[in-house]
Amino acid sequence: MDTSAALKLMVEERESASTAEYLSAAASRNDRLVASMLLYTELHCAARRRGFPGELVNATLGGINLVDLARSDLMYAAALPGRLRSADAINLASAIRLQADLLVAYDAELLAAAVDAGLNVLSPGERTGP
């Protein structure tokens, strides 16, 4: 899971309900929701910028398995083709290392790079057609 998806659980946006419903259903199926520790940092920083309490972040992170970043994630992220921002490249590299079945995100560049890398992607509630 990318920060763009996790933030939808904290900030009311058009896709927030769909994201929450999808993630609740995934948890009910015993799907393993995983993100790198980068999500912890990004959500806490985003919450402080918006004046949200840390408890909201911790509640959001409660159902997500946070895994440590590996040095190889950082090196692989630096070598990824395209023009991803650093955090997106790191999130993608860690998803690849973890052999994720699916990347849940809303950032268009990250989603395209994930598809190019062979990952399945999903943006719950996102309109895909006209």
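Just so it is clear, none of the values below were taken in a lab; they were calculated from the coordinates. Please read all numbers here as calculations on a predicted model, not as lab measurements. Neighbour counts are summed over all protein chains in view; Cβ atoms, including those assigned to glycine, are modelled from backbone coordinates with ideal geometry.
Around Ile96, with a cut-off of 14 angstrom between Cβ atoms, what is the net charge of the other residues, counting Lys and Arg +1 and Asp and Glu -1? List each step's numbers first, then the result.
Numbers: positive: Arg97; negative: Asp2, Asp73, Asp88, Asp101, Asp116.
Charge balance in the 14 Å sphere: -4.
Quick one: grab the alpha carbon gyration tensor of the chain, order the square roots of its eigenvalues as a ≥ b ≥ c, and give me rounded if a/c is under 1.5, else prolate or oblate depending on whether a/b is larger than b/c. Could the numbers behind the result be given before it?
On the way: a/c = 1.45, a/b = 1.20, b/c = 1.20.
Rounded is the answer for the chain, as its axis ratio a/c remains below 1.5.
Say each of Ala117 and Leu102 gets a label point 7 Å from the Cα, pointing the same way as Cα to Cβ; how far apart are those two points in nm?
So the label points at Ala117 and Leu102 sit 1.8 nm apart.
Using per-residue counts of other Cβ atoms within 10 Å, averaged over each peptide, order 2-8, 40-46 from highest down.
Going from most to least packed, we get 2-8, 40-46.
Taking the Cα centre of the chain as origin and charging only Cβ (+1 Lys, Arg; -1 Asp, Glu), how large is the dipole, in debye to the nearest 20?
Rounded to the nearest 20 debye, it is 200 debye.
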